[in-house]
Amino acid sequence: MGSRKKISMQQIADMAGVSKFVVSKTLSGKPGVSESTRQKVLLTAKQLGYYKEQSQLHKSSEHVENETPSPVKTGFILVVMAEDRNQNKQSTYWGRVLEGITKEIQRNQQKMIIITELFELSEIVKMESLLGIISVGYLSTEVMVDLHQCNVPMIIIDHEDPLIAADSIFTDNFSGMFKMTNHCLALGHQHTLFVGDLHFSRSFYDRWLGYSFALEKDSLYSTATPVKRGLFFSYDDSLFNKLKEWVTEAKEKKEAFPTAFICANDDIAHKMIEALAEQGIHVPQDCSVTGFDNLEFSSYIQPPLTTVQVLKELIGSRAVSKLMWRIEHPEFPPEKILISGELIIRTSTTKAKT
């Protein structure tokens with residue numbers, strides 16, 4: 001990953017959605033900070049690479065099945081990622097997940113091999129030394145089946161395949177987007193639009209379901225039935241131009257323009273804000289925009305982005321701790337682990353105009 005610049009307390013505060021004073025008190029171990037806030041600050045600091053309080057941070061990430069390094073034999077853990085524009089080691093999201101995997105494998109005194117496409121595995125490692133496999137993000141069914149045939153424990157991050165019986169690790173995407181949509185509804189936004197590619201990942205689809213469920217639930221208690229719509233452009237290099245075209249056309253129509261764009265991730269939200277700005281539509285004065293993932297840039301763009309915190313390094317480390325546990329307990333059925341995320345409220349959202 002290369003060396004990184006020293007992380008400041010202000011950066012941690014921006015990412016965690018708290019004040020610099022709260023970060024200072026938390027990292028110095030002083031009282032006066034609630035336990036939930038303390039946990040959030042410590043985990044955020046860990047994700048950003050603030051290693052000064054490493055021992056304290058480690059205590060905040062409780063690995064139920066694996067508090068201490070596993071006594072399993074020494075060997076290799078194979079980490080498999082797709083080499084895709086939005087899903088690779090260089091991305092701000094997946095790179096952090098991979099950092100969590102790497103640190104936890106090192107803590108367990110094991111070795112790892114990372115591949116970005118399926119080679120002949122026997123040419124890479126001695127199969128008898130392969131302890132387990134962690135797949136990261138979307139991989140084709142063909143690749144998943146080939147990996148599963150290695151007959152070692154397998155953990156799947158942010159993906160599921162109906163042909164593969166294995167443990168999986170996800171952010172609780174449904175609940176995170178449900179909370180985000182409810183936040184927008186509470187601000188009076190009855191004309192919202194979900195923006196995301198439902199075929200890009202299981203996470204994006206779960207976020208759409210959380211959005212839809214929040215609107216359906218609200219309509220049971222509200223006299224004004226919310227408008228449920230989605231903007232489902234492919235998440236690729238053409239996305240920004242497609243958003244610009246849509247905004248241009250929508251602005252020219254006489255029908256009501258959405259008051260809030262609820263986006264599947266921070267990158268899409270950033271592109272949405274820029275596409276709106278090119279047509280003279282300002283956020284949040286004219287409409288609100290939200291993201292998901294709490295990537296580092298989300299607190300520095302203008303306006304700072306309301307989003308959902310995803311503990312990326314924790315997802316990676318949790319996958320390793322689960323693999324260590326699974327190696328010792330192969331008899332238990334596969335489990336799906338959901339890691340909760342919190343709303344980070346910033347200035348890209350405000351009350352809807354009446």
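Conditions (1) open to solvent by 10 Å² or more (accessible area, probe 1.4 Å); (2) touching a strand residue (DSSP E or B) at 6+ places or on another chain (Cβ under 7 Å); (3) over 18 Å from Ile339 (Cβ atoms); (4) at pLDDT below 95, marked per residue:
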{"site": "Ser122", "(1), (2), (3), (4)": "yes, no, yes, yes"}
{"site": "Lys126", "(1), (2), (3), (4)": "yes, no, yes, yes"}
{"site": "Val136", "(1), (2), (3), (4)": "no, yes, no, yes"}
{"site": "Glu142", "(1), (2), (3), (4)": "yes, no, yes, yes"}
{"site": "Val152", "(1), (2), (3), (4)": "yes, yes, yes, yes"}
{"site": "Ile155", "(1), (2), (3), (4)": "no, yes, no, no"}
{"site": "Leu198", "(1), (2), (3), (4)": "yes, no, yes, yes"}
{"site": "Ser203", "(1), (2), (3), (4)": "no, yes, no, yes"}
Do we find a residue being open to solvent by less than 10 Å² (accessible area, probe 1.4 Å), assigned to a loop (DSSP other than H, G, I, E, B) and either under 19 Å from Ala16 (Cβ atoms) or of a type outside the set (S, T, N, Q) (or both) anywhere in segment 318-325?
-> no
Do you know which residues across segment 294-309 are surrounded by fewer than 24 Cβ atoms within 10 Å (Cβ to Cβ) and not in a loop (DSSP other than H, G, I, E, B)?
-> Glu296, Phe297, Ser299, Gln309
Only residues that are at pLDDT below 75 and either aromatic (Phe, Trp, Tyr) or more than 28 Å from Tyr235 (Cβ to Cβ) (or both): list them for segment 75-120, please.
-> Phe119, Glu120
Can you name the residue in segment 263-318 that is on the phi > 0 side of the Ramachandran plot and in contact (Cβ under 8 Å) with a residue 40 or more places away in the chain and, of all such residues, is nearest to the chain's Cα centre (by Cα)?
-> Asp293
Of the residues in segment 247-277, how many are open to solvent by 10 Å² or more (accessible area, probe 1.4 Å), more than 20 Å from Ser203 (Cα to Cα) and in contact with a Phe, Trp or Tyr (Cβ under 8 Å, 6 or more places away or on another chain)?
-> 3
In the set Asp267, Asp286, Asp293, the lone residue that is within 22 Å of Ser175 (Cβ to Cβ) and out of contact with any Ser or Thr (no Cβ under 8 Å at 6 or more places or on another chain) is Asp267
Single condition Lys251 does not satisfy, out of (1) part of a helix (DSSP H, G or I); (2) modelled with pLDDT of 95 or more; (3) of a type in the set (Lys, Arg) = (2)
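The values are calculated or read from the model by the stated rules, or taken from the named source; none is laboratory data. Bear in mind that the values here come from a model prediction, so they are computed numbers and not experimental data. Ideal geometry is used to build each Cβ from the backbone, glycine not excepted, and the neighbour counts take in all protein chains shown. The accessibility values were calculated without ligands, DNA or RNA, using every heavy atom of the protein model including side chains. Shrake-Rupley method; radii C 1.70, N 1.55, O 1.52, S 1.80 Å.
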